[in-house]
Amino acid sequence: MSFSGFVGRDDAKLALVLNAIDRRCGGVLFLGEKGCGKSTLARRFRRLLPRGIPFVELPLNATEEGLMGGIDLEKTIREGRRCFQPGILSRAHDGFVYIDDIHLLPVEILALTLNVQGRGENLVEKEGLTLRHAAEFQLLASMDPAENFLPPHLLDCFGMAVVWGKITEAAQRAAIVRQAMPDLFPESPEAGRRDRVLAERIGVARSRLAGMKISAGVEDCMAGKCLESRMAGHRGDVFLFYAARAHAALMGKDRVEPADVDAVTPLVLNHRRRQLPPENEPEQSEKREPRPPPENNPKDQKSAAADRQSHPGGDNQGDEKTLPEKRESLPMEAVFESGEPFPLRRFHYRRDRIKRGSSGRKIKSLSRDKRGRYIRSAERGLDGDIAIDATVRAAAPLQRLRGGDGRLVIRPGDIRYKRREKKVSHLAIFVVDGSGSMGAQRRMVATKGAIQSLLLDSYQKRDKVAMIVFRKDRAELVLPPTSSAELASRCLRQMPVGGRTPLSAGLLAAHDLVRRMGRREPGLRFLVALITDGRANHCLGGATPEKEVSKIAGLMRELPSTEFLVVDTENKAGLIRMGLAGRLAAQLAADYCRMEELESDRLLAFVQSRW
Amino acid sequence: MIFPFTAIVGQEEMKTGLILNVIDPSIGGLLIMGEKGTAKSTAVRALAELLPELEAVEGCRFQCDPGGKLCGECQEKNRMGGPLPVAHRKMRVVELPLGVTEDRLVGTLDMEHALQKGEKRFEPGLLADANRNFLYVDEVNLLEDHIVDLLLDSAAMGVNTVEREGVSFTHPARFILAGTMNPEEGDLRPQLLDRFGLCAQVVSVREKESRMEILRRKAAFDADAGRMAAAWKKEQTELARRIKEAQTALPSIQPGDDALEKIVKITAALSLDGHRADIVMMKTARALVAFRGKTAVEAGEIRDAAALALGHRMKRLPFEEMGAQAEKLRGLLEGI
Ligand SMILES: [Zn+2]
């Protein structure tokens, strides 16, 4: 099956071809929904590579030793001295490593892989032995962003990223089905010929790289694009340059022109932006011009709806306000802006809760730890969690000396224990009403402040924070679970507010996030803080918003290892008080506090005391 | 003795789903949803029992097909000396227990062999046992997530690649995956549901007459399994023959552009993620045509294929009984 014959996805193909031309392009990440052919294309790419260029797959079951290398049992026993057996990475030098479903790979394995890639060599020091070999490789990977997220610093490691959008056009969908049934719809020999031509073109392009010149204006154009994307760091500039150069070479040119930069910019810069732009929709909060401070009176729903109708193109500025970075009238934001954290006591998770959560028996929490994935072995570990393989390997070289007569002799010093995948211990999810109702800015600022302080003050870097904003017709995960204060501050710099109040969407998003993270990290515990007045005026399905809210609240209450806090934002000075947030708190069996308590550091203290 | 497959009352969706996977294993398995005690594992075992023997390389740990792609060990043997010895054997049902570890699933270093002989050797896991067999996973939703990830990854690739402590090994892992789940005890994330080709709902039989029939047959089987087998021999042989004929006919069934158009129209209208739904529907419709002894894919097959292939791929809000998509599908299917 040919690479050229793969239906559509020209940008993904271009990204792969550029990486085949120049390894400095930095690899490719494919982001797309399940079953859209990401791994099929990556595997077909292999046939474009010249003989001798490695293409190795890193399977999900890989352990640290499988990846980096470890003791060779057979040789060690035979020779009576420790011998190394190289791992996957030893086969990858000068080639490609492909990881399908990279988001499912244990975090430690991924970190090790990226670490080796960054250094260009693999160095293992184990049991007094050293293994060292060159490991310069490019990483190709695929993931489904709906299933999990990759932290931004890992995203940044990839030179390019391609979003695989949905294909809805019938003729193209039919072509994809035909492609999947090659026995019935054999590929035309033409496609195979095109592959050979392309492989040749790649070879020629590679030889052009060294003599490539740069046209005037190219550097200026690149710097402009990088600044415009507001990405962090300088990696993007470098990748952009090499990608543009490889593009010029592919086009048979002898100098890089601004057109080459334009052609590769989306591939190199999209994933470095603050957020991946959703398909077919410009990201509103990306707007760079500071807007005039929004007026404080709430938009009435009718006019908001009318606004939406008058701009059928989607997002419009009519029902949209962007929270400016600075608002003098709000002292809290001033504190936040100056970069000072809340003046607070240290952040301690409440241990007693955790114990109670696991029946108060320490044994139980240990046995839970034993269930994590076995990543590597270590000399110390949990009683009873012995890594037999590693123990035997440790004992192997000494067998001749010990003279066990064909039977293995193991001494206490040989015993190795399993080191298992570590779990993040806590995740605080803030779910905030971002609609145009009263006090939107204040809710945002208070939440941002609390998040910032939680992260800055957290001594346990394994604790994470996430933020969901619901407004207009949906909920958005504006801050994916992170322990990085830097990232939080980048993601939350500007928060658009305005529109309707889809409370049920916000609840459902929190519900799904808890489920998703709980599956991924079974030891994780959650605190969901809902900052709302409990009112909803937009629903997901056909029912009424109130019914939906109470149904989802019922589901949320069933979530394991999850506690809730409702911060009621209803104006208590108002004439009519609905008390809806109180009702929601009751449905969730949640702790409850009022908005006034946000005036101080109370939100943070509240979250901290919940653990 | 195993209860005869053809004597199972009702549960047509499940039975058809299994048979279609035998006719075309590339459909990608069957997820059986329903309450406990609805004879799910009996059905899988009963079908395996009914199928004719397969040819396999004698002594191969992966039951290689002598006429198909060989494992590394068989390739080696082939190189060394002449034709491989062939044995005939029944398809087996390999069961994946709930507490299964990663090592046991994908395989690991054969520690005993290493200690006794001082050689490293790959100790095959359940994925190796499952090659060219049924892999039955009871309550797949209760397995640990990373185990399911590994399992479905191999199922999709047809290959198991192991890179673990001391072993680096690849072997074929093509099997018919049959999973069961009771959605009331927790669900699977959509990405995992999507990896199952088909999904069948089983429900307890409600009609009095059928319930009595189930009881009668069960009692007859318990009283004298041999006699029961003899009584159902004709039906069993007949079904085995039909399956065999369908397998033979399958390669010649060319789906027309018309059928393909109908299928993509449905999936595009439902805006389903990815393209597995389209591909599975096409394959299922063809297998149905072959099983029914017809030659062309018609509206009836597309409708039945949709029922098996789309149910678990539709988006549904967790609090909804039936999603808006399912309602839409009903309309779309009436239209074809
Ligand atoms: Zn074999």
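The values are calculated or read from the model by the stated rules, or taken from the named source; none is laboratory data. Since we're looking at a predicted model, the values are computed, not measured. Virtual Cβ from ideal backbone geometry, glycine too; neighbours counted across all protein chains shown.
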Inspect the range B:18-35 for any residue being of a type in the set (Asp, Glu) and within 16 Å of the ligand (Cβ to nearest atom) and give the result as yes or no. no
Identify, by number, the condition in (1) modelled with pLDDT of 85 or more; (2) out of contact with any His (no Cβ under 9 Å at 6 or more places or on another chain); (3) away from chain A (no Cβ under 11 Å) that B:PHE196 doesn't meet. (2)
Sole miss for A:THR113 among (1) within 14 Å of chain B (Cβ to nearest Cβ); (2) in a strand (DSSP E or B) is condition (2)
Those residues that are more than 16 Å from the ligand (Cβ to nearest atom), among the aliphatic types (A, V, I, L, M) and within 14 Å of chain A (Cβ to nearest Cβ), I need them from the range B:164-183; list them, please. B:VAL167
Restricting to the range B:147-163, and then to whatever is away from the ligand (no atom under 16 Å from the Cβ) and among the small types (Gly, Ala, Ser), can you tell me which residue is nearest to A:ASN61 (Cα to Cα)? B:SER154
Considering only the range B:7-38, state which residues are surrounded by fewer than 19 Cβ atoms within 10 Å (Cβ to Cβ), hydrophobic (A, V, I, L, M, F, W, C) and in contact (Cβ under 8 Å) with a residue 40 or more places away in the chain. B:VAL9
Go through the range A:529-564 residue by residue and tally those that are surrounded by fewer than 23 Cβ atoms within 10 Å (Cβ to Cβ), more than 13 Å from chain B (Cβ to nearest Cβ) and closer than 20 Å to A:ALA466 by Cα. 3
Members of the range B:51-73 found to be within 13 Å of B:ARG132 (Cβ to Cβ), near the ligand (Cβ under 8 Å from one of its atoms) and outside any loop (DSSP other than H, G, I, E, B), listed by number: B:VAL57
Can you tell which of B:GLN247, B:GLN325, B:GLN254 is of a type outside the set (Lys, Arg), within 22 Å of B:LEU188 (Cα to Cα) and either away from chain A (no Cβ under 11 Å) or surrounded by fewer than 15 Cβ atoms within 10 Å (Cβ to Cβ) (or both)? B:GLN325
Does any residue of the range A:163-175 turn out to be in a strand (DSSP E or B) and either within 20 Å of the chain's Cα centre (by Cα) or over 30 Å from A:ALA466 (Cβ atoms) (or both)? yes
Output for the range A:132-159, where each listed residue is under 22 Å from A:TYR242 (Cβ atoms) and of a type in the set (Phe, Trp, Tyr): A:PHE137, A:PHE158
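Evaluate the following for B:ARG45: is it within 16 Å of the ligand (Cβ to nearest atom), among the charged types (D, E, K, R) and either outside any loop (DSSP other than H, G, I, E, B) or surrounded by 13 or more Cβ atoms within 10 Å (Cβ to Cβ) (or both)?
no
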Only one of (1) more than 14 Å from every other protein chain (Cβ to nearest Cβ); (2) more than 16 Å from the ligand (Cβ to nearest atom); (3) touching a Ser or Thr at 6+ places or on another chain (Cβ under 8 Å) fails for B:VAL106. Which number is that? (1)
Candidates B:ASP65, B:ASP129, B:ASP138, filtered to the one that is touching a helix residue (DSSP H, G or I) at 6+ places or on another chain (Cβ under 9 Å), at pLDDT 85 or above and within 28 Å of B:LEU20 (Cβ to Cβ): B:ASP138
Elements of type strands (runs of 3 or more DSSP E) contained in the range A:20-96, each with 1 or more residues being away from chain B (no Cβ under 14 Å): A:28-32
When you scan the range A:67-75, do you find a residue that is assigned by TED's automatic domain parsing to the domain that holds A:ASN148, within 26 Å of A:LEU150 (Cα to Cα) and touching a strand residue (DSSP E or B) at 6+ places or on another chain (Cβ under 6 Å), even just one? yes
Against the condition within 13 Å of the ligand (Cβ to nearest atom), farther than 26 Å from B:ARG303 by Cα and not hydrophobic (A, V, I, L, M, F, W, C), how does B:GLY99 come out, does it pass? no
Restricted to the range B:74-90, and to residues that are within 27 Å of B:LYS244 (Cβ to Cβ) and in a loop (DSSP other than H, G, I, E, B), which residue is nearest to the ligand (Cβ to nearest atom)? B:LEU84
Near pairs, Cβ below 7 angstrom, 6+ apart or cross-chain, from the range B:227-256 (within 11 Å of B:PRO4 (Cα to Cα)) to any residue that is part of a loop (DSSP other than H, G, I, E, B): B:MET228/B:PRO4; B:ALA229/B:MET1; B:ALA229/B:PRO4; B:TRP232/B:PRO4; B:GLN236/B:PRO4
Among the numbered criteria (1) surrounded by 18 or more Cβ atoms within 10 Å (Cβ to Cβ); (2) more than 16 Å from the ligand (Cβ to nearest atom); (3) of a type in the set (Asp, Glu), which single criterion is violated by B:GLU123? (2)
Okay, helices (runs of 4 or more DSSP H) sitting entirely in the range A:477-591 with 2 or more residues that are within 29 Å of the chain's Cα centre (by Cα), I get A:485-491, A:503-520, A:545-557
Going by the conditions given, is A:GLU57 acidic (Asp, Glu) and either assigned by TED's automatic domain parsing to the domain that holds A:ALA390 or surrounded by 21 or more Cβ atoms within 10 Å (Cβ to Cβ) (or both)? yes
Considering the range B:147-161, residues that are without any contact (Cβ under 8 Å) to a residue 40 or more places away in the chain and facing chain A (nearest Cβ under 9 Å), and then whichever is surrounded by the fewest Cβ atoms within 10 Å (Cβ to Cβ), we arrive at B:MET157
List the pairs whose first member sits in the range B:167-180 and is in the same structural domain as B:ALA155 (by TED's automatic domain parsing), whose second member is within 16 Å of the ligand (Cβ to nearest atom) and small (Gly, Ala, Ser), and whose Cβ atoms are under 6 Å apart, counting only residues at least 6 apart or on separate chains? B:HIS171/B:ALA128; B:ARG174/B:GLY158; B:PHE175/B:ALA130
